[in-house]
Every structure is written in C-alpha cells, then in structure tokens.
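We did not get these values from a lab; they are worked out from the coordinates using the rules stated. These figures come from a predicted structure and were not determined experimentally. So basically every Cβ, Gly included, is an ideal-geometry build from the backbone, and we count neighbours across all protein chains shown.
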Amino acid sequence: MSKRFLALPLLCILACLAAPINALAAIKCWTNKDGVRECGNIVPPEYAQKEVQVINEKGITVEVKERAKTTEELEQEQSARAEEEARIAAEKKRNEKRAAHDHLLLSTYTTEAELLAARDRITDAIDGTIEVTRAIISQLNNKLDGLKRRAASLERAGKPVSMELKDDMAMLDRRIIDKQEYIQNKQQEKMLLIERYEADLNRYHELKNIKP
C-alpha cells in the first residue's frame, strides 16, 4: 500500500517536469502593435494574421508563418498575374503569326529574285498610277487656268463673274487637291511596301541561310 502512495507523487513530479518541455516545443513569437517581440504558447487573436515564428526546445526557429496579405497586395498580385498572362499570350500570338508568315514566304518565293521581282511589279504599278494621276492634274490645271482667264476677262470688262463659273473653278480646285492627296497617299504606300519587302528579304536570307 505504501509503495502505491509513493508512486503517485513521483508521477506528478514527472508530469510537472515534462510540462515545460512540451511548452517549449510549441513556443511561438510575434511582434505586437508597439513593435515589441513577444512569445508564448498561443498567439493572441489580434496577431494571428501577423508573421509568427515557431521555436523548438533548443531555441531554433523551425517554422515561419507569413503574415496574411492585405487586400491591396492581393490585388497587386492578381494584376501582375494578369499582365504576365497577357504578355505570354501576346508573345505566343506573335510567334504564331511569324511562323505563318515564314511559311508563306518560303512557299511563295523559291528564289530571292522572285521576291524582288514581286516587289518591283507592285512598286512599278504604283508609279504608273502616280504618273496617270499627274497627267490628270495637268489637264485639270489647264481647265482651271482657262476658267480663271475667262473670269479675269469679265472683270476687266466690268462684267460680273457668274456663280456657275465660280462653282466650276472651285470644283476644279477641289479635284486638283484630291488628286494631289491621292499621289501623296500612293507615295506613302510605295514607301511602306518597299520597307515591308526589305524586311521580307532580310527574313528570307535568315530562313535560307543566305548571306546578303
């Protein structure tokens, strides 16, 4: 009977000695609102979303629970992911477009001479259109000069210039301006075509491994 009573205090002592060891195994540290580091077995609710370090019985940090991200940080991450996904999609689209263009380039032209000939055909056609338009402008200018001489003759004779004559001159002016703008547009178109064919030629050299 005495042995049983002696065993009970011994068990209590062992349990008391084991309690601090178990407590040390679960020590958690956090920073309070004043910037002071605090430690304990349980993190207060107001600091549960903050960074928490878990320390073992040897005082070594074995785990770091990062603080919960703010709404602004989450939105920034989401925006960054969306931008990255858009960048990847755009790059993929560019690569697909370039691959399709490369295929078209190689399947359309078997030699560099064919590519240059195609360029010259188109630019020559544009030049021809420009020359025809210039000839039309010259004719319109001749007509306009004739109407202006007639209007000047009427004014010298002290006669009024009719509204019809004025309208005809204004119409010719507008047509001349339109034709001049047409020529400018065609010249711009020709320049862009030459640039495009120059880029195609350089790409053709790369694909065919041709030194220019």
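Listed values, structure above:
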{"item": "P(r) tail fraction, the chain - alpha-carbon pairs more than 27 Å apart, %", "result": "73 percent"}
{"item": "Values of log10 I(q)/I(0), in the order q = 0.19 Å⁻¹, for the range 25-68 under a Debye, Cα-only, solvent-free model", "result": "-0.50"}
{"item": "Low-density loop positions, GluC sites (Glu not before Pro), the range 46-107 - DSSP coil, at most 15 other Cβ in 10 Å", "result": "Glu51, Glu57, Glu66"}
{"item": "Pairs from Lys148/Lys179; Lys92/Lys211; Lys50/Lys93; Lys93/Lys190 whose Cα-Cα separation, in the structure shown, is over 31 Å", "result": "Lys50/Lys93"}
{"item": "Spin-label pair Ile122/Tyr47, simplified geometry with 7 Å Cα→Cβ offset, distance in nm", "result": "7.1 nm"}
{"item": "Scattering curve values for the range 156-212, log₁₀ I(q)/I(0), Debye with Cα scatterers, q = 0.18, 0.21, 0.22, 0.25 Å⁻¹", "result": "-0.76, -0.84, -0.86, -0.94"}
{"item": "Alpha-carbon spread of the range 82-173, three principal axes, descending order, Å", "result": "76, 44, 14"}
{"item": "The chain, helix-only ellipticity at 222 nm - DSSP H runs n ≥ 4, -39,500 (n - 2.57), divided by all residues, nearest 500", "result": "-26500 deg cm²/dmol"}
{"item": "Crossing angle, helix 2-24 versus the chain [Cα axis fit, 0-90 degrees, rounded to tens]", "result": "20 degrees"}
{"item": "In degrees, nearest ten, helix 112-156 long axis to first principal axis of the chain (Cα)", "result": "50 degrees"}
